[in-house]
Amino acid sequence: MPAIGFLSLEQKQHLQKFLKQSERSEMRERVLILLLMNDGRTQEEIAALIGCSRRTVAYWCVHGDPDTIESLEDGRRKREYRKVNQVYIDKLLEIVEKEPSELGYEFGRWTAERLSTYLEKETGLKISSSQVRKILKRKKYAYLWAKYSLEDRQNAEKRKEFKEKSQNYLSIVKEKPKLYQIWFWDESGFSLRVLRRKTWGKKGKRKKVTGKRSRGRVNMMGGLRLSDKKRVCYFIERGNSETFYEQLKQLHEFVLKEWLALGNSQECFHEHGPKIIIFLDNASYHKRKDICAEIEKNLPNIILEYLSAYSPDFNLIELVWHSCKEYIAHRLFQSVCELKSTLNKLLNDGELIIKWGRKIKNKGNAVCAN
């Protein structure tokens, strides 16, 4: 056991300075052990004073060098694992970047337990899953929600064709903005009960999450005009062909009212009014033949252009739904009426402010207005 006053004045001042400046609590604790030991405190007194075990105090009294702060570092922080070698670490980093299917496994993601089991077979080293997590954390890996990708379902040629067609429409609208309007159309749902498997709870106790999603659900269908980002959204009971047709009639009426407000006559709207080009997805009720025939007959100014399959990134209104859900995600609603009122203010009254230059990851693809 070190004698009282075993620290020189220079050593003591150096340790006191480090004690004040260090942001690491474990290092401050070890420095404090040396300073208290220098003042003549026993190991039992130091352990009781700073709230650690006597064994910890005894260890750092022996191994702590007051001239070398680095001696107070835990060897494990330097990656001095008893079993792990560089070969194991390199193999771990190689495997974690691969899909399990590439190695013949049916599961979809690597967990620390699965990595530990696999690497034990490959290297012969049995390392706990918690140690695997520590190694990955040191290597700047984190266990995050994976991005849902649709790339394996997309047809590159069809996407290219749609891009070319949309560019042609954009050129026409730019040349004749009064004669053509581009709208993006889609449906979305908002719920009072958002099912999330991750939630806060006491350590050691897991909360039960029911699978009921339908309580308090509000469905919406609507469009976004490209030129001025005007939003026209309607509340619906459910998405089907009849509802789709009724909402298109309302959109048609909206554009007609704008036309009449400019001093034009209703009689010439069909021939001289703006053509309403609507980009929308390939939902079956968007393409029902009898409904499409009714649209062509009764709403001749509307032109439907379908996105290439599995390409929500081409639909700009996805940004609107995403931004709206971001806004309401952390707010409390006591009833469906309150939720509907908020949605109406956000989407139809213009209270939802959207940064159109931002990019979001939506179903595996970037949606951006620019």
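The values are calculated or read from the model by the stated rules, or taken from the named source; none is laboratory data. Only a predicted model underlies this, so the values are computations on that prediction, with no experimental measurement involved. Backbone-built Cβ (ideal geometry, glycine too); neighbour counts: all protein chains shown. These area figures cover heavy atoms from the full protein model, side chains too; ligands, DNA and RNA do not enter into them. Shrake-Rupley method; radii C 1.70, N 1.55, O 1.52, S 1.80 Å.
Here are the numbers for the structure shown:
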quantity: Of Gly216, Gly350, Gly104, the one that fluctuates the most in a GNM where the chain has Cα springs shorter than 10 Å; calculated: Gly104
quantity: Gap separating the Cα centres of the stretch 4-38 and the stretch 231-278, nearest whole Å; calculated: 77 Å
quantity: DSSP-defined beta bridges in the stretch 232-370 - what % are antiparallel, rounded to 5; calculated: 40 percent
quantity: Cα long-axis angle, helix 336-347 against the chain (0 to 90 degrees, to the nearest 10); calculated: 80 degrees
quantity: With every protein chain in place, the stretch 227-370: carbon and sulfur % of accessible area (1.4 Å); calculated: 49 percent
quantity: Carbon + sulfur, % of accessible area of the stretch 95-157 - ligands and nucleic acids excluded, 1.4 Å; calculated: 48 percent
quantity: Average accessible area per residue (Å²) across the chain - probe 1.4 Å, nucleic acids and ligands excluded; calculated: 65 Å²
quantity: Label point distance in nm, Lys126-Glu237, each placed 7 Å from Cα along Cα→Cβ; calculated: 6.3 nm
quantity: For the stretch 269-340: lysine pairs under 29 Å (alpha-carbon distance), excluding those fewer than 8 apart on one chain; calculated: 8
quantity: Dipole magnitude of the chain about its Cα centre (Cβ charges: Lys, Arg +1; Asp, Glu -1), debye to nearest 20; calculated: 1280 debye
quantity: Taking the chain and dividing mean pair separation by its residue count, relative contact order in percent (alpha carbons under 8 Å, at least six apart); calculated: 13 percent
quantity: Taking the stretch 1-116 and dividing mean pair separation by its residue count, relative contact order in percent (alpha carbons under 8 Å, at least six apart); calculated: 20 percent
quantity: Degrees separating the helix 9-21 axis from the principal Cα axis of the chain, which is the longest one; calculated: 20 degrees
quantity: Förster radius 51 Å - calculated FRET efficiency between Gln16 and Leu93 (Cβ-Cβ, nearest 0.05); calculated: 0.80
quantity: Aspartates and glutamates whose Cα lies under 18 Å from that of Lys158, excluding same-chain neighbours fewer than 8 positions away; calculated: Asp281, Glu305, Asp313
quantity: Long-range HN-HN contacts of Ile236 with modeled amide H, under 5 Å; calculated: Asn219, Met220, Met221
quantity: Stretchable slack from Lys140 to His272, in nm (0.36 nm times residue separation minus alpha-carbon distance); calculated: 41.4 nm
quantity: Antiparallel DSSP beta bridges within the chain, as percent of all bridges there, nearest 5; calculated: 65 percent
quantity: Prolate/oblate/rounded call for the chain, Cα gyration tensor, a/c under 1.5 rounded; calculated: prolate
